[in-house]
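Let me begin by presenting the structure, written as structure tokens, before commenting on it.
Where a number appears in this text, it was derived from the coordinates with a stated rule and is not lab data. Please read all numbers here as calculations on a predicted model, not as lab measurements. Here the Cβ positions follow ideal geometry from the backbone for every residue, glycine too, while neighbour counts run over all protein chains shown.
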Amino acid sequence: MRQKFEQFLDEANPASRCLLAVFASTPFYFTYWFIHLSGLLDPVVQVGLRQPVVWILQAALVFSTALSFGFLIWLWPRRRDPSPMPGLSVAVTLNIGLIYTLITLFAGTFTTGANMTLLGVLAIGLLLFDLRTMWIAFLVCSGLLVLYDVFVMAGQVPYAPAITRLAFNGVEPQWWWAVWRNVVFYAGVAVISTLLLVMFGRLDAQHRQLNKLSYTDVLTGLPNRRYFMDRLQAEVARQGRTAQPLSLMLIDADHFKQVNDTHGHAVGDEVLTVLARLLGECVRTPTDLAARLGGEEFAVLLPDTTVDEAEAVCGRIHSRLAEHVFQASGQTFHLTVSIGVAQCHGQSAEVVLKQADRNLYRAKQEGRNRSIYSVDSTLGSEVGA
């Protein structure tokens with residue numbers, strides 16, 4: 001449920017956000033209206049209420065509900081319209097905010113949970129509407145609260161005008177007033193708790209997304225150099241503790257500049273994307289790690305793998321590329337790669353990288369489309385794809 005709601009928040013347009021606000025608030029209007037009506041019709045409760053004030057609040061709830069239905073009728077045919085609706089967003093938020101402000105004022109700003117509910121309503125609005133819209137609603141609602149409190153301190157208006165002293169038995173509230181306060185208080189707690197859970201959930205999701213983006217190559221979707229270097233350092237350290245073999249492959253697309261010059265950079269990007277996919281298909285997942293280091297240079301980290309076993313991986317890469325035919329502007333072409341492989345035997349990550357890079361350089365010098373392997377600084381076999 002939370003994931004669907006977060007997906008809605010990410011994809012919703014202004015009209016659908018306004019619709020959600022209307023749908024979410026209207027049931028509360030009905031609930032408050034029927035609770036207040038029950039009190040107005042109950043002889044026991046009547047004596048503790050200032051009935052004209054409560055009837056004014058009832059009229060405001062009816063008006064606000066009618067306004068919400070008007071918004072609903074106008075918005076429903078436009079629910080998929082992506083156009084911004086700043087004026088309507090302000091109208092919807094003020095319609096909701098002012099009702100809860102009236103409930104807060106009439107019930108007593110500081111002695112009921114209505115202020116907590118109002119705060120939750122305004123805060124939840126931040127999930128649906130932009131900051132400008134919520135600033136307007138916040139300033140209007142809080143301005144009314146402050147202005148009314150000034151009049152209360154000046155003795156011009158009563159505090160909590162909806163109730164009388166008979167709502168209390170001495171210092172203790174009558175049962176019906178205690179129930180109303182508790183219902184409003186726990187409604188506020190539920191609203192704010194939901195807000196916190198949703199907001200922290202979205203914050204965690206955005207944090208995970210940012211982490212993923214910081215470690216991911218945008219073009220190919222493979223891990224980038226930063227992530228690869230972190231994993232290489234970690235695997236080298238683990239290899240030092242366990243003495244298990246570890247192999248590193250550096251891969252460079254042969255004559256890639258010629259591909260860009262002949263067919264254009266869009267085709268070049270497609271070639272890199274295909275190469276990245278083939279690398280991912282030729283290694284074990286999630287044990288092995290294929291990454292793009294930059295440009296046309298890739299790397300594959302092979303934990304618990306000897307140089308002989310890495311040779312088989314190189315063979316699969318060369319074979320898959322030989323089978324794949326690229327097409328551009330009615331022409332076909334093949335891509336080859338040069339690969340330098342080094343097996344780690346207790347050296348640092350920097351040393352292993354240098355060994356693999358030397359082998360890659362040698363593969364290119366000796367004609368490309370081949371792999372060169374070494375263990376420590378002793379060069380081993382070489383193959384041509």
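Some points to look at:
- Distant-in-sequence amide contacts of residue 168, defined by a placed amide H-H separation under 5 Å and a gap of 5 or more residues or a different chain, comprise 174.
- Qualifying aspartates and glutamates (Cα of each under 14 Å from Cα of residue 364; at least 8 residues distant if same chain): 252, 254, 296, 297, 382
- Shape category assigned to the range 88-195 from the gyration tensor of Cα positions, a/c cut at 1.5: oblate
- Straightening the chain between residue 265 and residue 319 buys 16.9 nm, computed as 0.36 nm per residue apart minus the Cα-Cα spacing.
- For the range 140-203, the equivalent ellipsoid built from the Cα gyration tensor has semi-axes of 30, 21, 7 Å, listed from largest to smallest.
- Two-site FRET efficiency, residue 257 against residue 200, from Cβ-Cβ distance with R₀ of 56 Å, rounded to 0.05: 0.70
- Semi-axis lengths (Å, descending) of the ellipsoid that matches the C-alpha gyration tensor of the range 235-278: 36, 10, 7
- Inter-label distance, residue 326 to residue 40: 7.7 nm, where each label sits 7 Å from its Cα along the C-beta direction.
- Between residue 214 and residue 351, the modelled label-to-label distance comes to 3.1 nm, taking each label 7 Å out from Cα in the direction of the beta carbon.
- Overall dimensions of the range 1-101 as given by Cα atoms, namely Rg and Dmax in Å: 16.7, 52
- Length-normalised contact order of the chain in % [C-alpha pairs under 8 Å, at least 6 apart]: 13
- Inter-site label distance for residue 312 and residue 171 at 7 Å from Cα along Cβ, in nm: 8.3
- Average projection, convex hull of the Cα set of the chain: 29.0 square nanometres.
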